[in-house]
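**Student:** Please read through the structure below; I'll follow up with questions.
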Amino acid sequence: MKTKTLEVATCSDWDLVLATNWAALKSDLSPEVEKEVLEATWRKQDGYGKPGFRPPQGWDWSGIRDSSSQAKGNMAKAIRKVLEKHCITTITVIYEDYVRFGD
């Protein structure tokens, strides 16, 4: 297992989106904050062609992954806003050795 700590204010937008939304990474955020971050992120994704569109199967990583560069920046901004509200300045993520994250 590997761990990595991200500075919320200075990490890359995409690393922040990954750390808070990708199932291959487990963060130290509380379940309540995780849910709030996911909801804020989802409203900004445009991977299904329209911001915030929720397909029949519900929230899906591909909607985030396949979003435009602009939407990814907007997602990161929304995530930072939620984390700032909760006074969270760092996030530590734990992941398997085979997962590529921030390498």
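**Student:** If we keep just the residues of region 1-57 that are of a type in the set (Lys, Arg) and part of a loop (DSSP other than H, G, I, E, B), which is nearest to ASN74 (Cα to Cα)? If you could, list the steps in order and put the result at the bottom.
**Tutor:** Initially, region 1-57 is screened for residues of a type in the set (Lys, Arg), giving 2, 4, 26, 35, 43-44, 50, 54.
When the remaining residues are screened for being part of a loop (DSSP other than H, G, I, E, B), the result is 50, 54.
On the way: LYS50: 14, ARG54: 17 Å.
Among residues in region 1-57 that are of a type in the set (Lys, Arg) and part of a loop (DSSP other than H, G, I, E, B), the one nearest to ASN74 (Cα to Cα) is LYS50.
**Student:** If a residue must be outside any helix (DSSP H, G or I) and touching an Asp or Glu at 6+ places or on another chain (Cβ under 6 Å), how many such residues does region 58-89 contain?
**Tutor:** Of the residues in region 58-89, the ones outside any helix (DSSP H, G or I) are 58-60, 66-68, 86-89.
Narrowing the set further to residues that are touching an Asp or Glu at 6+ places or on another chain (Cβ under 6 Å) leaves 67-68.
Residues that pass the stated criteria total 2.
**Student:** Working only within region 78-97, note down all residues that are touching a residue at least 60 places away in the same chain (Cβ under 8 Å), hydrophobic (A, V, I, L, M, F, W, C) and closer than 25 Å to ASP46 by Cβ.
**Tutor:** ILE79, LEU83, ILE91, VAL93
**Student:** Is it the case, given these coordinates, that VAL93 is at pLDDT 90 or above, in a helix (DSSP H, G or I) and at negative phi?
**Tutor:** no
**Student:** Give ARG43, ARG100 a once-over and let me know the one that is exposed (fewer than 15 other Cβ atoms within 10 Å of the Cβ) and touching a residue at least 24 places away in the same chain (Cβ under 8 Å). Steps first, please.
**Tutor:** Values: ARG100 fails: touching a residue at least 24 places away in the same chain (Cβ under 8 Å).
The match here is ARG43.
**Student:** Scan ALA24, ALA78 and give me the residue that is in contact with a Lys or Arg (Cβ under 6 Å, 6 or more places away or on another chain), surrounded by 12 or more Cβ atoms within 10 Å (Cβ to Cβ) and among the hydrophobic types (A, V, I, L, M, F, W, C). Before the answer, list the steps.
**Tutor:** Details: ALA24 fails: in contact with a Lys or Arg (Cβ under 6 Å, 6 or more places away or on another chain).
Going through ALA24, ALA78 in turn, just one is in contact with a Lys or Arg (Cβ under 6 Å, 6 or more places away or on another chain), surrounded by 12 or more Cβ atoms within 10 Å (Cβ to Cβ) and among the hydrophobic types (A, V, I, L, M, F, W, C): ALA78.
**Student:** Still on this model: Would you confirm whether any residue within region 37-44 is in contact with a helix residue (DSSP H, G or I) (Cβ under 6 Å, 6 or more places away or on another chain), farther than 23 Å from GLU96 by Cβ and of a type in the set (A, V, I, L, M)?
**Tutor:** yes
The values are calculated or read from the model by the stated rules, or taken from the named source; none is laboratory data. This structure is a prediction, so every number in the text was calculated from the model and none was measured. Backbone-built Cβ (ideal geometry, glycine too); neighbour counts: all protein chains shown.
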